[in-house]
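Structure first, commentary second.
What follows draws every value from the coordinates through simple rules; no lab data is involved. As the structure is a computational prediction, the values presented were derived from the model and not from experiment. Positions of Cβ are generated from backbone atoms using ideal geometry, with glycine treated the same way; all protein chains shown enter the neighbour counts.
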Amino acid sequence: MIAVEVENLSFSYDGISKVLKVINFKVEEGEMVGIIGPNGSGKTTLFRTISGFLRDYDGRILLFGKNLRAIKPIERAKMVTVVSQNFNPIFDFSVLDILRMGRIPYHTFLKNHHPEDDRMIERALDVFELRELVDREFHSLSEGEKRRVIIAKSYVQNTRVILADELTSHLDLDHSYRIAKFMKYLVEKEGKTLIVSFHDLNMASLLCDRVILLKDGKILTDGRIDEIYRNDKLRELYDVEVEVIKHPRCGKPQILMKWE
């Protein structure tokens, strides 16, 4: 089944300069697709439109065959969520408070507790290794710990589609590996559909079989990693020369900068 379908999507913040320019792609349910592109290529704006946060776009976005414009906000919050490294609540919420926020779409004015709330939160504490942090204030956590909490929040929210915006960026190897492992778990064990933006091309290759290259608000190319991770494609995207080698254990392509 097609989880996300984007048709002729264009968007402008000022009504003049297009940030997204006639974007077209489909993502199958249970697939993890990487979005790769330089800063300013439109990755975050793309996520904000697919999630319904930005509404004044041209074109059409379908979630499981339903037009995004026709989906009520409370129902949309049960279908798709954005997980961003920029999540920064104003108040001093605890980790448990943050996880509880993920269950808000399932509450009503008269009923602020859903039978699944406790089970989902308890499961998230185990899966994302958060039990020792559950009573800590979110602001007191390291950057890697914060990322674990926000990806756990998306799990608790139980949407079928997760848009992960550069979750592995600016982390040490340990935390980057953990976040990658959790994203892989969500797809392989929970059947989630993930669209993930990356700056780390090698991490994208390890996690995804398919990537979309985005440049200047347009799709440069869309296809399998082994077809796209070539010097000519990446030179066109980043205007640099690279060497492509195979990972010694899994055989996935990995990128090295050419160095004189």
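Toward the positive end of the charge dipole of the chain, with +1 on the Cβ of Lys and Arg and -1 on the Cβ of Asp and Glu, the farthest Cα among Met120, Gln254, Leu237 is that of Met120. Starting from one equal scatterer on each C-alpha and no solvent at all, send me the Debye-based log10 I(q)/I(0) for the chain at q = 0.09, 0.12, 0.14 Å⁻¹, two decimals. Log-scaled intensity ratios, in q order: -0.42, -0.74, -1.00.
As a test, work out the antiparallel percent of DSSP beta bridges whose residues both lie in the chain, rounded to the nearest 5. Beta bridges within the chain, antiparallel portion: roughly 60 percent.
Where nothing but the Cβ of Lys and Arg (+1) and of Asp and Glu (-1) is charged, how large is the charge dipole of the chain around its Cα centre, in debye to the nearest 20?
Working: 40 positive and 40 negative charges, 144 e Å.
That gives the chain a dipole magnitude of about 700 debye.
Residue separation of Lys72 and Lys218 scaled by 0.36 nm, minus their Cα-Cα distance, works out to 49.7 nm of gained length.
Each helix, a run of at least 4 DSSP H residues, gives -39500 (n - 2.57); summed and divided by the residues of the chain, these come to -8500 deg cm²/dmol at 222 nm. Using DSSP to define loop residues, name the GluC sites (Glu not before Pro) in segment 1-54 whose beta-carbon has at most 16 other beta-carbon atoms within 10 Å. Answer by residue number: Glu29.
Highest mobility in the GNM of the chain, judged by mean-square fluctuation with C-alpha springs under 10 Å and restricted to Ser51, Ser142, Ser197, is found for Ser142. The C-alpha atoms of the chain define a longest principal axis, and helix 143-157 lies at about 70 degrees to it. Residues with amide H under 5 Å of Gly37's amide H, sequence separation 5 or more or different chain, H placed in the peptide plane at 1.01 Å from N; which? Here Phe198, Leu214 satisfy the definition. Of the chymotrypsin sites (Phe, Trp or Tyr not before Pro) found in segment 1-45, those in coil by DSSP whose Cβ has at most 11 other Cβ atoms within 10 Å are Tyr13.
For Asp92 and Glu236, what is the calculated FRET efficiency with R₀ set at 41 Å and r taken between the beta-carbons, to the nearest 0.05? Let's see the in-between values first.
On the way: r = 46 Å, r/R0 = 1.13.
That gives a FRET efficiency of 0.30.
Against the chain, whose longest principal axis comes from its Cα atoms, helix 117-127 is set at around 50 degrees. Relative contact order for the chain using alpha-carbon pairs under 8 Å, separation at least 6, rounded to a whole percent? Reported relative contact order: 24 percent. Among Arg55, Arg76, Arg100, the largest mean-square fluctuation in a Gaussian network model of the chain (Cα springs under 10 Å) belongs to Arg55. May I ask for the distance between the Cα centers of segment 188-260 and segment 59-135, given as a whole number of Å? Their Cα centres are 30 Å away from one another. Considering only Asp165, Asp126, Asp209, the Gaussian network model of the chain with Cα springs below 10 Å gives its largest mean-square fluctuation to Asp126.
If you model segment 1-85 as an ellipsoid using its alpha carbon gyration tensor, with each semi-axis the square root of five times an eigenvalue, the axes come out at 20, 15, 13 Å, biggest first. Over all other residues within a Cβ to Cβ distance under 12 Å of Arg69, the charged ones net out to +3, with Lys and Arg as +1 and Asp and Glu as -1.
Considering segment 139-247 at the alpha-carbon level, its Rg and Dmax are found to be 15.0, 44 Å. Near the amide H of Ser12, within less than 5 Å, lie the amide hydrogens of Val19, all on another chain or at least 5 residues away, with H placed in the peptide plane. In order along segment 248-255, the Karplus-derived 3J(HN,Hα) couplings, from 6.51 cos²θ - 1.76 cosθ + 1.60 at θ = phi - 60°, round to x, 9, 9, x, 5, x, 10, 10 Hz, and Gly and Pro are given as x.
Close amide H contacts of Ser94 (hydrogens built in the peptide plane, cut-off under 5 Å, sequence separation of 5 or more or a different chain): Phe138.
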